[in-house]
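The structure appears right after this line, and notes come after that.
What follows draws every value from the coordinates through simple rules; no lab data is involved. Note that the structure is a prediction, hence the values are computed from the model and not measured. Positions of Cβ are backbone-derived with ideal geometry, glycine not excepted, and every protein chain shown enters the neighbour counts.
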């Protein structure tokens, strides 16, 4: 009888630990999935900035600005002393990417969710860093009135109900007329 109780107790402990381990792994898998979705939203926000920067309809409309041109009008970003936070709405050029997607001729500033299940937000921050001579370019470009305008673009993604924001940052150099 005592031996049977000991065997039953050990089987119960094994069963409880198996269920506990399974629940922990399930939580980790869900967290990884949500983190991946937030990263996808951050990547989409980066793509949205470059979509607008290359949108020929938006570029010729005098009433609208693409995010790079708008950022160029603001104060310069100093990577040594400035920080670009996904939570800072006031300092940088902001864009939102919603479930409506990207359309030509539009500044994507409307609020809304990028995905609905789970509710995911996608947005970007863009800042102008500096204007510099283009390196590695041909003598024709280097000797002309063209410079490289350097920008920092941060894509941000967040799952509703989670505290963390997933971000990805890219530096972009765009050939443009040199400032006088």
task: Scan region 68-88 for residues that are within 16 Å of residue 167 (Cβ to Cβ) and more than 14 Å from the chain's Cα centre (by Cα) and report the count.
output: 4
query: Residues of region 48-61 being in a helix (DSSP H, G or I) and surrounded by fewer than 14 Cβ atoms within 10 Å (Cβ to Cβ), which ones?
result: 56, 57, 60
field: The lone exception for residue 65 - which of (1) on the phi > 0 side of the Ramachandran plot; (2) in contact (Cβ under 8 Å) with a residue 40 or more places away in the chain; (3) out of contact with any helix residue (DSSP H, G or I) (no Cβ under 6 Å at 6 or more places or on another chain) it fails
entry: (1)
query: If you check 101, 105, 112, which single one turns out to be part of a loop (DSSP other than H, G, I, E, B) and closer than 12 Å to residue 44 by Cα?
result: 101
- prompt: If only one of 27, 64, 80 is under 28 Å from residue 115 (Cβ atoms) and in a loop (DSSP other than H, G, I, E, B), which one is it?
  reply: 64
- prompt: Any residue at all in region 25-42 that is more than 25 Å from residue 161 (Cβ to Cβ) and either without any contact (Cβ under 8 Å) to a residue 24 or more places away in the chain or exposed (fewer than 10 other Cβ atoms within 10 Å of the Cβ) (or both)?
  reply: no
Single unsatisfied condition, residue 19 versus (1) assigned to a helix (DSSP H, G or I); (2) over 25 Å from residue 160 (Cβ atoms); (3) in contact (Cβ under 8 Å) with a residue 60 or more places away in the chain: (3)
